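For reference, the structure discussed in these notes is given below.
The values are calculated or read from the model by the stated rules, or taken from the named source; none is laboratory data. Fair warning: this is a prediction, and the values are worked out from it, not measured in the lab. Neighbour counts are summed over all protein chains in view; Cβ atoms, including those assigned to glycine, are modelled from backbone coordinates with ideal geometry. Heavy atoms of the whole protein, side chains included, go into the accessibility calculation; ligands, DNA and RNA do not. Shrake-Rupley method; radii C 1.70, N 1.55, O 1.52, S 1.80 Å.
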Amino acid sequence: MLRRTLLAGGLAIAAVAAPANAQQLTRLNISMQPALYSMVPLHLGVEQGWWRQMGIEPNFSSFPAGPPQIAAAAAGTWDVGITGSAPGVLGAARFNIKTIAISNDESATNVLMARREQVEAIRANPASLRGQRVLITVNTTVDYVLQNCLQRWNLQRADLQVGNLNQAQILSAFSTGEGRIAGLWAPNIYTAEERMNAVPLCSGSDAQAIVPGNIIVREEFLARNPDMVARYLAVILRGIAWMKANPGPTLEVMNRFYQAGGVTVSEAALRAEVARRPTFGLEEQLRLLSRAAGPSQADRWFEGLSTFLTQVGTVQNPPAPSAFVTDEVLRRIADNPQLRAFALGQ
């Protein structure tokens, strides 16, 4: 686990001291993963000085993946963070982690890829996949996509030869001709597109296997520090609003952030990240999490994912989405004129 504060240019150095007339800064332990689109607002908050404006001194803990990030919650090493949907459900089941907003919709970037010269034949006759080898990272969101794509094609998992590999191994094997299709997520999908002449065959968006990213908080910390959590979320929402309003500069920020995390991608890939990953501002978040007319849209998204994670044994008896997805913090922001204006970028 790495601890760092991200500043302009992606440098891992100490946070800039607040101006003398600024409010007292309070340290906030934030968990994250490097070089992911959903984390860009955290970096923007440093570059733009928004953390200081909210009276926060961010202390970032960087994790290579969701499972170790969630496991660290047991020791209380972080208070808030951003993670993927499967770790979000796992954290809710094991450590009372609350989801307070949706970081982005990752459904279109969890994809089954096929070689360009084969994709039309597969689309015309999905049954041709019977007996074929598919390369997948099992029990992950892209495996969830596979399950739903197979249902769409009237195929069973037993109809395929499933090879369980990590993402780097899938890229290596697929590049040498192994596998009829490959299950990948961003940024690996861009590598497959640009270097292996691969194209999307079926994504989570295509198969209604929605993969939402989670903005999270430890339940205990939220109960003790609701105002701090609201200010934390306001910074992220401000970042989302800024990115929507500034598409060109957003690509530059993403490039710095990705390179700081050791990931180099093309400008085309950066543009694809923006185009394929919908994000949601304050008003959109409130609608997604609202239960005014019954289960929220977010509830329905997590119900499908939770069912899958239970089937594959990742989570035993996950809580209902209504038990861990809450709009409490969003409403606190919406009801506070100063926080609301800040979150909207006004």
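Arranged from highest to lowest average of other beta-carbon atoms within 10 Å per residue, in what order do the peptides 215-228, 152-165 appear? Could you put the intermediate results ahead of the total?
Working: 215-228: 18.8, 152-165: 14.3.
Sorting 215-228, 152-165 by mean packing, highest first, produces 215-228, 152-165.
Relative contact order for the range 243-346: 20 percent, from Cα pairs under 8 Å spaced at least 6 residues apart, divided by residue count.
GluC sites (Glu not before Pro) within the range 152-205: which are DSSP loop residues with at most 16 other Cβ atoms inside 10 Å? Within the range 152-205, the qualifying GluC sites (Glu not before Pro) (loop, at most 16 other Cβ atoms within 10 Å) are E178. Calculated mean residue ellipticity, 222 nm, the chain: -13500 deg cm²/dmol, from DSSP H runs (n ≥ 4) at -39500 (n - 2.57) each, averaged per residue and rounded to 500. Every pair of different Cα atoms in the range 109-151 enters the Kirkwood calculation, which places the hydrodynamic radius at 11.3 Å.
Eigen-decomposition of the gyration tensor built on the alpha-carbon atoms of the range 305-346 gives equivalent ellipsoid semi-axes of 35, 10, 5 angstrom, largest listed first.
Compared with the alpha-carbon gap, the fully stretched path from A168 to N139 is longer by 8.8 nm at 0.36 nm per residue. For the chain, DSSP calls about 60 percent of its internal beta bridges antiparallel. For the pair E120 and A223, label points projected 7 Å from Cα toward Cβ lie 6.1 nm apart. The alpha carbon convex hull volume per residue for the range 265-346 rounds to 142 Å³. Across the range 269-312, the volume of the C-alpha convex hull divided among the residues equals 90 Å³ per residue. Accessible area per residue was computed with a 1.4 Å probe on protein heavy atoms; R331 scores about 110 Å².
In terms of overall dimensions, the C-alpha atoms belonging to the range 87-203 reach 46, 31, 21 Å along their principal axes, ordered largest to smallest.
For the chain, the solvent-accessible area works out to 41 Å² per residue, with a probe of 1.4 Å and every protein chain left in place. Extent of the range 121-189 along its three principal axes (Cα atoms, max minus min coordinate, largest first): 29, 24, 19 Å. At R0 = 51 Å, how high is the FRET efficiency between S128 and Q24 if r is their beta carbon distance? Nearest 0.05 is fine. After rounding, the FRET efficiency stands at 0.20.
If I fit a long axis through the Cα atoms of helix 297-311 and take the longest principal axis of the Cα atoms of the chain, what angle between them do I get, 0 to 90°, rounded to 10? Helix 297-311 sits roughly 50 degrees off the main axis of the chain. Past the 28 angstrom mark, what percentage of all C-alpha to C-alpha distances in the chain do you count? Distances greater than 28 Å cover 42 percent of the Cα pairs. For the chain, the carbon plus sulfur part of the accessible surface works out to 48%, probe radius 1.4 Å. Once the Cα atoms of helix 141-152 and of the chain are each reduced to a long axis, what angle between those two axes, in degrees from 0 to 90 to the nearest 10, is obtained? Roughly 50 degrees, rounded to the nearest 10.
Each listed q (0.12, 0.14 Å⁻¹) maps to a log10 I(q)/I(0) for the range 190-313, found by the Debye formula over equal Cα scatterers with no solvent: -0.67, -0.91. Per residue, the average separation of C-alpha pairs within less than 8 Å and at least 6 apart gives the range 73-153 a relative contact order of 29 percent.
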